[in-house]
Amino acid sequence: LQQLPQFKEVCRTPLILLLIIAIFSRYKEIPSNKTQVYSRYINCLYDLFEKIGRIINVEKELINDILGELGFVLQINDETVAKKDVVLDMIARFIIKHKYDKMAKDEILKLCSQLGFLKLQDDDIKFFYQSFREYFASTRLKELFLKEVDISDTFTHPKWTDVLIFLTSNLTPQDANRLIQTILKAEYEYRNPLFVAAKCMIGSSVGEEI
């Protein structure tokens, strides 16, 4: 593993090393960037739960939407925990959106915990790791970006840098180019846009002109 260039580039923390080991054990592959580490690991969890009959495709889509919204809301408010009743209300809204009736909102929340995404602490709910919050927040940010919603408020604030890194690596090369170019035009407030753009390019597919 240490002889693979992408392994040395991606494996920056003990957590990512653990995720890569889980991915390699199941798929015999090494992800090429941080976003792929998280997306493949999440798929690995879904596969395991699907194999034992605990989850189906519509539930994966439902959970992704719920966690994307929760991660995005926590990221906006710069919070690490949410109240259980707030999260249950959020789950209820997405159950209606997906026209899903096979599992109650409490059961969906429990499933998110059993999958290893959320930690339940009395009346508080948090992501097991902040990086999972950032990854799922990036999936919601991607939806907004592709719908041409202005997300420039995230470009130079330090708390959004890792989310933007996840986002850029999860875009097509054309959209990644467009995002980087938009970041470079951002007004300087907290961090130099050039610094943010450079961080986002690591592990992403962008054109030579960038």
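Filtering region 148-188 to residues that are in contact with a Gly (Cβ under 7 Å, 6 or more places away or on another chain) and among the polar types (S, T, N, Q) leaves Ser169, Asn177. Residues that are part of a helix (DSSP H, G or I) and among the small types (Gly, Ala, Ser) are absent from region 43-58 altogether.
Of all residues in region 112-122, one or more are in a helix (DSSP H, G or I), touching a residue at least 40 places away in the same chain (Cβ under 8 Å) and in contact with a strand residue (DSSP E or B) (Cβ under 7 Å, 6 or more places away or on another chain). Residues that are aliphatic (A, V, I, L, M), within 14 Å of Lys119 (Cβ to Cβ) and either over 13 Å from the mean Cα position of the chain (by Cα) or not in a helix (DSSP H, G or I) (or both) within region 62-81 comprise just one, Val81. So which residues in region 99-122 are over 14 Å from the mean Cα position of the chain (by Cα), surrounded by 14 or more Cβ atoms within 10 Å (Cβ to Cβ) and among the aliphatic types (A, V, I, L, M), if there are any at all? If the condition is that a residue be over 14 Å from the mean Cα position of the chain (by Cα), surrounded by 14 or more Cβ atoms within 10 Å (Cβ to Cβ) and among the aliphatic types (A, V, I, L, M), then Met103, Ile108, Leu109, Leu111, Leu115, Leu120 are the ones that fit. Listed conditions (1) modelled with pLDDT under 95; (2) closer than 19 Å to Ile55 by Cα are all met by Gln130, apart from (2). If the condition is being open to solvent by 20 Å² or more (accessible area, probe 1.4 Å), at pLDDT 95 or above and not in a helix (DSSP H, G or I), then region 82-98 contributes only Lys83.
Please pick out the residue among Asp162, Asp175 that is within 18 Å of Gly68 (Cα to Cα) and open to solvent by less than 70 Å² (accessible area, probe 1.4 Å). Steps first, answer last, please.
Details: Asp175 fails: within 18 Å of Gly68 (Cα to Cα).
Selected residue: Asp162, the only one of Asp162, Asp175 that is within 18 Å of Gly68 (Cα to Cα) and open to solvent by less than 70 Å² (accessible area, probe 1.4 Å).
Would you point out the residue of region 178-205, among those that are assigned to a loop (DSSP other than H, G, I, E, B), closer than 21 Å to Leu146 by Cβ and not aliphatic (A, V, I, L, M), that is least open to solvent (accessible area, probe 1.4 Å)? Don't jump to the end; show me each part of the working.
Our first condition is that a residue be assigned to a loop (DSSP other than H, G, I, E, B); within region 178-205, this holds for 185-192, 202-205.
Filter once more, keeping what is closer than 21 Å to Leu146 by Cβ: 185-186, 203-205.
Next, only the ones that are not aliphatic (A, V, I, L, M) stay: 185, 203-205.
Working: Lys185: 168, Gly203: 41, Ser204: 22, Ser205: 71 Å².
Once the filter is applied, the top-ranked residue is Ser204.
Taken as a whole, region 60-72 holds no residue that is basic (Lys, Arg), within 23 Å of Leu171 (Cβ to Cβ) and buried (at least 20 other Cβ atoms within 10 Å of the Cβ).
Filtered by the rule that a residue be open to solvent by less than 30 Å² (accessible area, probe 1.4 Å) and either at positive phi or in a helix (DSSP H, G or I) (or both), region 123-143 gives Ser131, Phe132, Arg133, Glu134, Tyr135, Phe136, Ala137, Ser138, Leu141. Close contacts from region 24-43, counting a first residue that is open to solvent by 70 Å² or more (accessible area, probe 1.4 Å) and a second that is modelled with pLDDT under 90 and part of a loop (DSSP other than H, G, I, E, B), with Cβ to Cβ under 7 Å and a gap of 6+ residues or different chains, come to Phe24/Ile30.
The values are calculated or read from the model by the stated rules, or taken from the named source; none is laboratory data. This is a predicted model, so every value here is computed, not measured. Here the Cβ is made from the backbone with ideal geometry for all residues, glycine too, and neighbour counts use every protein chain on show. SASA here: full protein model, heavy atoms, side chains in, ligands and nucleic acids out. Shrake-Rupley method; radii C 1.70, N 1.55, O 1.52, S 1.80 Å.
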